[in-house]
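The values are calculated or read from the model by the stated rules, or taken from the named source; none is laboratory data. In this text, all values refer to a predicted model and were calculated from it rather than measured experimentally. No Cβ is skipped: glycine too gets one built from the backbone with ideal geometry, and neighbour counts run over all protein chains shown.
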Amino acid sequence: MSRKAEPIQVAIKPWEPSDLGLLHRLNEPEMLEHLGGPETDEQVEVRHERYVAIAGKGTGRMFSIVRLPELEPVGSIGYWEREWQGETIYETGWGVLPAFQGRGIAAAATALVVEAATAERKHRSLHAFPSVDNPASNAICRKLGFRLVSECRFEYPPGTFMTCNDWRLDLPIR
């Protein structure tokens, strides 16, 4: 009989240059099974620079997810602007290292990102687009009150098409 791992308390902290190692750890095949597979080292470095710069552009924010009280990095999460069906929205996405999955970390971090995006009062909705084949990420959306809008097709990474669920959470903007 397997025992469920104890929940872990987490916080999110703004992405910084020292988080490059975490991004490389998140770029493993098992982490990207639902996202078209790992990127090259050069692609990871370009992604890292985008993560570092996004807050200064005013188009979203990226965070590392840290385990408390140790402040050990265990994943990444963020939100960014995207044009979607004629509207500028925030999109969110996350990843938690395999050793820490199944403990509520992604759901807790996503709840913190919802608070951060809501505090900006900039866009009316936050969307998540997990693969239809990713039950854990779809369950997080359901648990946090996102509404399933529809299935959709995304090209990610370039040249690879995937079927996703479009989950929407309405945000107050006033």
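Ala109: at negative phi and surrounded by 16 or more Cβ atoms within 10 Å (Cβ to Cβ), yes or no?
Numbers: at negative phi: yes; surrounded by 16 or more Cβ atoms within 10 Å (Cβ to Cβ): yes.
Yes; evaluated as a whole, the condition is true for this residue.
Do we find that Ile77 is touching a helix residue (DSSP H, G or I) at 6+ places or on another chain (Cβ under 9 Å) and either not acidic (Asp, Glu) or not in a strand (DSSP E or B) (or both) in this structure?
On the way: touching a helix residue (DSSP H, G or I) at 6+ places or on another chain (Cβ under 9 Å): yes; either not acidic (Asp, Glu) or not in a strand (DSSP E or B) (or both): yes.
Judged against the criteria, Ile77 is a match.
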request  = Could you tell me whether Val66 is of a type outside the set (Ser, Thr, Tyr), at pLDDT 95 or above and within 13 Å of the chain's Cα centre (by Cα)?
outcome  = no
task = Could you please let me know if Glu81 is in contact with a Gly (Cβ under 7 Å, 6 or more places away or on another chain) and charged (D, E, K, R)?
result = yes
task = Taking only the stretch 85-106 into account, find how many residues are assigned to a loop (DSSP other than H, G, I, E, B) and either among the aliphatic types (A, V, I, L, M) or in contact with a Leu (Cβ under 6 Å, 6 or more places away or on another chain) (or both).
result = 1
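Can you spot a residue in the stretch 55-76 that is in contact with a His (Cβ under 9 Å, 6 or more places away or on another chain), surrounded by 14 or more Cβ atoms within 10 Å (Cβ to Cβ) and more than 21 Å from Ile8 (Cβ to Cβ)? Lay out the reasoning, then the answer.
Going residue by residue through the stretch 55-76, those that are in contact with a His (Cβ under 9 Å, 6 or more places away or on another chain) are none.
No; the residues of the stretch 55-76 include none that is in contact with a His (Cβ under 9 Å, 6 or more places away or on another chain), surrounded by 14 or more Cβ atoms within 10 Å (Cβ to Cβ) and more than 21 Å from Ile8 (Cβ to Cβ).
Is it true that some residue in the stretch 131-147 is part of a loop (DSSP other than H, G, I, E, B), touching a residue at least 60 places away in the same chain (Cβ under 8 Å) and under 23 Å from Lys13 (Cβ atoms)? I'd like the intermediate steps shown before the answer.
Pass one, the stretch 131-147, residues part of a loop (DSSP other than H, G, I, E, B): 132-134, 144-146.
Within this subset, residues satisfying the condition of being touching a residue at least 60 places away in the same chain (Cβ under 8 Å) are 133-134.
From what is left, the residues that are under 23 Å from Lys13 (Cβ atoms) are none.
So far as the stretch 131-147 goes, no, none of its residues is part of a loop (DSSP other than H, G, I, E, B), touching a residue at least 60 places away in the same chain (Cβ under 8 Å) and under 23 Å from Lys13 (Cβ atoms).
Could you list all residues from the stretch 1-35 that are of a type in the set (Lys, Arg), over 14 Å from the mean Cα position of the chain (by Cα) and at pLDDT 70 or above? Give the derivation first.
Filtering the stretch 1-35 down to residues of a type in the set (Lys, Arg) leaves 3-4, 13, 25.
Going one step further and asking which of them are over 14 Å from the mean Cα position of the chain (by Cα), we end up with 3-4, 25.
Arg25, the sole residue that qualifies.
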ask   = Yes or no: Ala109 out of contact with any Asp or Glu (no Cβ under 6 Å at 6 or more places or on another chain), at pLDDT 95 or above, in a helix (DSSP H, G or I) and under 29 Å from Arg124 (Cα atoms)?
value = yes
